[in-house]
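Below: one structure, written as structure tokens.
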Amino acid sequence: MGAVTSSMAAKFAFFPPNPPSYGVEEEGQSGKLRMTGVAAAVKENVDVLRLPTKRGNDVVAVYIKNPSASLTLLYSHGNAADLGQMYELFTELSLHLRVNLLGYDYSGYGKSTGKPSEQNTYADIEAAYRCLVEKYGAKEEDVILYGQSVGSGPTLDLATRLPRLRAVVLHSPILSGLRVMYPVKRTYWFDIYKNIDKVPFVNCPVLVIHGTADDVVDWSHGKRLWELCKEKYEPLWVKGGNHCDLELYPQYIKHLKRFISVIEKSPHLRNGSGKFTEQPENPRRSTDFRDKSRSSTDRRDNSRPSIDQREKPRLSTDRSEKSRASTDRRERSRRSVDRSEKANNSSDQPEKARNSIDRFGSMVRSVGLCNIDCFKPTATAV
């Protein structure tokens, strides 16, 4: 059965770039590995590694060190990208999230040996995690697992086996391989990446990011996984976002930064409802940054009845006064709306990371980080 499952996975889930977007070579006397074909890939804070897996393959990984980091992100990428294409995004995430970051290529991707399969990806992420612990001294409680699309499979599989894991990020995740193609209601033995059955066993905060217009992996996958989480963090539903363009939206990096900050400062702050919140006494209700100005508008609305009550005696004395008071209220309302809109506009100004999103955008446009037909039945021979 395992062989059949792996064969199915290879047919519809894996599209390694061919040829690979990068090369790996050994430097002269030092013997240190470096990536070729990738701009600015030679840096003192970047290590290029070959990691042996328990299934006999050697996977290529990149470790980016941030000197101000206390947390480490282990990133599992999507199904049609390799390290060369992801490198720029990795460096930006490490910089702006202030984390160490280790990204790796699955078996059969890039310069990793072997062939891609579901079981190989599980062995691949284990090798990457083992490297973090043994080579870089990372502690389980300081590691955040990040899985994008197909990468949500190995991410959740490992997360179920790490009880002290700090957090998980699921980016356009899948419920399972079969559920992407067909609206099945149960899990079959031949299905792959059964995330729907694994996510309830993850014992750390989980952030889910998904585009509402995803035409590859429907938004319902992300929503259902979030509902099944034990420790829910406020999700990010990117309005109009598709499967491969979420990095283009300013709220992507903004929400990630907030999540990392909360996880870093309050690693054990949870409430009884199973939701992970940074401020239990004033829980956030929406991912939309405009909610702050909205809530202040609501408070102003609540104060209006008391103003109206004071106006009643005056209004009853003269109809002209009533008309004038009504006009005044309209003016106050118009001014409050103007102030709310100004607050909306000004809320974006402190977000310096938006410039980095522009760089993410140009990078995403220049390379295809996902095969858009990656999960569609017509693209398979199954």
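The values are calculated or read from the model by the stated rules, or taken from the named source; none is laboratory data. As the structure is a prediction and not an experimental result, all values here were calculated from the model. FYI the Cβ positions are ideal-geometry reconstructions off the backbone, even for glycines, and counts take in every protein chain you see. All accessible areas refer to the heavy atoms of the entire protein, side chains included, with ligands and DNA or RNA removed. Shrake-Rupley method; radii C 1.70, N 1.55, O 1.52, S 1.80 Å.
Structure above, values below:
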| item | result |
| --- | --- |
| Within segment 175-216, tally of residues that are assigned to a loop (DSSP other than H, G, I, E, B), of a type in the set (Val, Ile, Thr) and touching a residue at least 60 places away in the same chain (Cβ under 8 Å) | 2 |
| Residue 184 being in contact with a Leu (Cβ under 8 Å, 6 or more places away or on another chain) and closer than 16 Å to residue 128 by Cα | no |
| Segment 1-25, residues that are modelled with pLDDT of 90 or more, open to solvent by 70 Å² or more (accessible area, probe 1.4 Å) and out of contact with any strand residue (DSSP E or B) (no Cβ under 6 Å at 6 or more places or on another chain) | 18, 19 |
| Candidates 153, 147, 103, 137, filtered to the one that is touching an Asp or Glu at 6+ places or on another chain (Cβ under 9 Å) and modelled with pLDDT of 95 or more | 153 |
| Failed criterion for residue 193 (all others in (1) in contact with a Gly (Cβ under 8 Å, 6 or more places away or on another chain); (2) buried (at least 22 other Cβ atoms within 10 Å of the Cβ); (3) modelled with pLDDT under 95 hold) | (3) |
| Given (1) within 16 Å of the chain's Cα centre (by Cα); (2) under 19 Å from residue 207 (Cβ atoms); (3) open to solvent by 10 Å² or more (accessible area, probe 1.4 Å), number of the condition residue 141 does not satisfy | (1) |
| Selection within segment 98-124 - open to solvent by less than 10 Å² (accessible area, probe 1.4 Å), touching a residue at least 60 places away in the same chain (Cβ under 8 Å) and under 16 Å from the mean Cα position of the chain (by Cα) | 99 |
| Filtered residues of segment 197-221 (kept if out of contact with any helix residue (DSSP H, G or I) (no Cβ under 6 Å at 6 or more places or on another chain), closer than 13 Å to residue 159 by Cα and open to solvent by 10 Å² or more (accessible area, probe 1.4 Å)) | 197, 201, 203 |
| Any hit, segment 75-92, residues being exposed (fewer than 15 other Cβ atoms within 10 Å of the Cβ) and modelled with pLDDT of 95 or more | no |
| Qualifying residues in segment 31-53 (those that are under 26 Å from the mean Cα position of the chain (by Cα) and open to solvent by 80 Å² or more (accessible area, probe 1.4 Å)) - the one modelled with the highest pLDDT | 50 |
| Every residue from segment 55-80 that is part of a strand (DSSP E or B), in contact with a Lys or Arg (Cβ under 9 Å, 6 or more places away or on another chain) and small (Gly, Ala, Ser) | 61 |
| For residue 221: the one exception among (1) in a helix (DSSP H, G or I); (2) modelled with pLDDT under 95 | (2) |
| Pairs, first of a type outside the set (Lys, Arg) in segment 245-266, second open to solvent by 50 Å² or more (accessible area, probe 1.4 Å), C-beta under 8 Å, six or more apart | 250/354; 251/289; 253/354; 260/98; 262/269; 264/70 |
| Conditions (1) under 25 Å from residue 163 (Cα atoms); (2) open to solvent by less than 30 Å² (accessible area, probe 1.4 Å); number of the one not met by residue 224 | (2) |
